[in-house]
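K.L.:
Sharing a structure below in structure tokens format, with a few things to ask.
The values are calculated or read from the model by the stated rules, or taken from the named source; none is laboratory data. This one's a predicted model, so the numbers in the text were calculated from it and none came from an experiment. In this analysis, Cβ positions are derived from the backbone assuming ideal geometry, glycine residues included, and neighbour counts consider all displayed protein chains.
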Amino acid sequence: MTRAAGTGACRTWVERTIDWIVPRSLGRYREQLLYLAVGAWNTLFGYGVWALLQYLLYPRVNYLVIVVLSYPIAIANAYVCYRYIVFRSHGSVLRELPRFSSVYLLTMAANLVALPILVRVLPLGLYAIQALFTIVVVILSYLGHRFFSFRGGQEANSEVRN
């Protein structure tokens, strides 16, 4: 089996699995549902990375530094998932990845500003506050990725389909 044939078989298996999870018959809402499904995975993954680093590094490392350390790992996972599963982009990685990362850099900046304030103001623990903030990130990042990060790749997708 050639490398290309193996890649095609893997892609077919992934697409069948995605179609099983979120059927194409859902039409125009399919992308949003895929985003929510992949977003759930990315949320668990990103929160898990942060919580693991928090557990391993705190109190030797400030919790805000741990937020910064966890973001690149979470961004790499999210980019791959959103690019190939949700938006099925065929755009240039060199163009998309910086745009994609900038969406998350904005959310990280908001996280770094909001977290210390929320820790002082809310009667919740650090883990609960970060979990709540992550939910907000999922919603806002969909809009950023849909209309900014993968904008050009989706145009390439429509040209491929035609």
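K.L.:
Taking the condition of a type in the set (Val, Ile, Thr), within 16 Å of residue 111 (Cβ to Cβ) and at pLDDT 85 or above, does residue 68 pass?
P.N.:
yes
K.L.:
Right, something else. Residues of segment 56-89 being more than 18 Å from residue 102 (Cβ to Cβ), without any contact (Cβ under 8 Å) to a residue 40 or more places away in the chain and part of a helix (DSSP H, G or I), which ones?
P.N.:
56, 57, 65, 66, 69
K.L.:
Follow-up question, since we're still on this one. Sort out which residues of segment 128-153 are part of a loop (DSSP other than H, G, I, E, B) and either touching a strand residue (DSSP E or B) at 6+ places or on another chain (Cβ under 6 Å) or basic (Lys, Arg) (or both), and write them in order of number.
P.N.:
none
K.L.:
Residues that are β-branched (Val, Ile, Thr), loosely packed, with under 15 Cβ neighbours inside 10 Å, assigned to a helix (DSSP H, G or I) and more than 20 Å from the chain's Cα centre (by Cα): does segment 98-113 have at least one?
P.N.:
yes
K.L.:
Looking at segment 93-111, which of its residues are more than 21 Å from residue 126 (Cα to Cα) and not hydroxyl-bearing (Ser, Thr, Tyr)?
P.N.:
Correct list: 93, 94, 95, 96, 97, 98, 99, 100, 103.
K.L.:
While we're looking at this one, here's another question. Suppose we filter segment 116-155 for residues that are of a type outside the set (Val, Ile, Thr), farther than 28 Å from residue 32 by Cα and surrounded by 14 or more Cβ atoms within 10 Å (Cβ to Cβ); how many remain?
P.N.:
Residues meeting the conditions: 2.
K.L.:
Does segment 21-30 include one or more residues that are part of a helix (DSSP H, G or I), surrounded by 14 or more Cβ atoms within 10 Å (Cβ to Cβ), touching a residue at least 40 places away in the same chain (Cβ under 8 Å) and not aromatic (Phe, Trp, Tyr)?
P.N.:
Taking every residue of segment 21-30 in turn, none turns out to be part of a helix (DSSP H, G or I), surrounded by 14 or more Cβ atoms within 10 Å (Cβ to Cβ), touching a residue at least 40 places away in the same chain (Cβ under 8 Å) and not aromatic (Phe, Trp, Tyr).
K.L.:
Does segment 40-55 hold any residues that are surrounded by 15 or more Cβ atoms within 10 Å (Cβ to Cβ) and either without any contact (Cβ under 8 Å) to a residue 12 or more places away in the chain or under 10 Å from the mean Cα position of the chain (by Cα) (or both), and which are they?
P.N.:
Within segment 40-55, 42, 43, 45, 46 meet the criteria.
K.L.:
Moving to a separate point now. Given the options 60, 3, 11, name the one that is at pLDDT 85 or above, over 27 Å from residue 140 (Cβ atoms) and among the basic types (Lys, Arg).
P.N.:
Testing whether each residue is at pLDDT 85 or above, over 27 Å from residue 140 (Cβ atoms) and among the basic types (Lys, Arg) leaves just 60.
K.L.:
Then there is this: Checking residue 12 against (1) of a type in the set (S, T, N, Q); (2) surrounded by fewer than 15 Cβ atoms within 10 Å (Cβ to Cβ); (3) touching a Cys at 6+ places or on another chain (Cβ under 8 Å): exactly one of these is not met. Which one?
P.N.:
(3)
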